[in-house]
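So the structure is just underneath, and the comments pick up after that.
Since every read-out is calculated from the coordinates, none of them should be taken as a lab result. From a predicted model like this one, the values you see are computed outputs, not experimental measurements. Cβ sites come from the backbone with ideal geometry, for glycine too, and all protein chains shown count toward neighbours.
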Amino acid sequence: MNRPGGPPQAGAPAKGLPERAARWLAEARAAVQADPGAIEDLFPVARRHCGDAPLPGGGPPADEAVRAELLAALPFAEPELSAALGTLYAHGDAAERRGVLHALALLEPRLGPAALPLVEDALRTNDPRLVAAALGGYAARHLAPAVYRQGVLKCVFMGIPLADVAGMNERCDAELVRMLTDFAAERTAAGRQVPPDILPVLEREHG
């Protein structure tokens, strides 16, 4: 049986929800805190009750942010917490999986690196929105250097702005610069445009 892991963390990502959606979220969070199994029914229907419009301030779509807060309400510690996340991720559609990925930073104090397999799975997909969601703050703090570099390079190939990748300032090492330099040289040799957002990274290192 899953055992409680102390008080759940306060929600944060879903600021700016319309009143009706915010009321549904408050009731859903309370239901999950009282009965963690309720998340299996509430997690998939977040879009129906809260919509999927982007939240004010450039946040994620409402349903993804709401799902992150529902996960933060789970009163689990490890290893039950990562097991619950894994089940929801495995059975979810793309939006539900992004909701799990957005929740990782909220849950990090209770998770540690235990959810890295979910991040690595998302990075293996060809879904740009899933890859972008995977490379949040949690990934920046926990991914092995080689995996982080490959994730950044995949973003460049897929046209995902590097501004959306967490940890670039801290984790952009000489090897990643070399990989981006090689990528830029290949694009130039093929007569193709080099993505402009990698140029500041190269100029910063070589300038």
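Descriptive notes on the structure:
- Taking label points 7 Å from Cα along the Cα-to-Cβ direction, Val194 and Val147 give a separation of 3.0 nm.
- Coarse-grained scattering of region 1-113 at q = 0.10, 0.16, 0.21, 0.24 Å⁻¹, given as base-10 log I(q)/I(0) from a Debye sum over alpha-carbon atoms: -0.24, -0.63, -1.12, -1.47
- The value of relative contact order for the chain, using C-alpha pairs under 8 Å at least six residues apart, is 16 percent.
- Given (1) 8, 33, 34, 16, 5, 2, 1, 0; (2) 8, 31, 34, 23, 3; (3) 9, 33, 31, 18, 8, 2, 0, the label whose value is P(r) over Cα pairs in 10 Å bins from 0, in percent derived from this model: (3)
- Placing unit charges on each Cβ (+1 for Lys and Arg, -1 for Asp and Glu) gives region 51-207 a dipole about its Cα centre, and among Leu143, Leu55, Ala84 the Cα reaching farthest toward its positive end belongs to Leu143.
- Rounded to the nearest 20 debye, the dipole size of the chain about its Cα centre is 180 debye, using +1 on the Cβ of Lys and Arg and -1 on the Cβ of Asp and Glu.
- Proximity of backbone amide H atoms, modeled 1.01 Å from N, is registered between Phe76 and Gly5 at under 5 Å, excluding neighbours fewer than 5 places apart on the same chain.
- For region 135-207, the alpha carbon positions stretch 36, 25, 19 Å along the principal axes, listed from largest to smallest.
- Residue-averaged [θ]222 nm for the chain, counting only DSSP H segments that reach four residues, each worth -39500 (n - 2.57): -18000 deg cm²/dmol
- Couplings 3J(HN,Hα) of region 18-35, computed from phi: x, 4, 4, 5, 5, 5, 4, 4, 4, 5, 5, 4, 4, 5, 5, 5, 6, 9 Hz, in residue order, whole Hz [Karplus 6.51 cos²θ - 1.76 cosθ + 1.60, θ = phi - 60°; x for Gly and Pro].
- Think of region 135-207 as a dipole: +1 on every Lys or Arg Cβ, -1 on every Asp or Glu Cβ, centred on the Cα centre; then among Val152, Ala174, Leu199, Val152 lies furthest on the positive end.
- Unit charges on C-beta of K, R, D, E only; dipole of region 135-207, Debye: 160 debye
- Nearest 10 degrees, 0 to 90: helix 174-189 Cα axis against the chain principal axis: 60 degrees
- Annotation: extensible slack from Asp182 through Arg124 equals 18.7 nm (criterion: 0.36 nm per residue apart, minus Cα-Cα distance).
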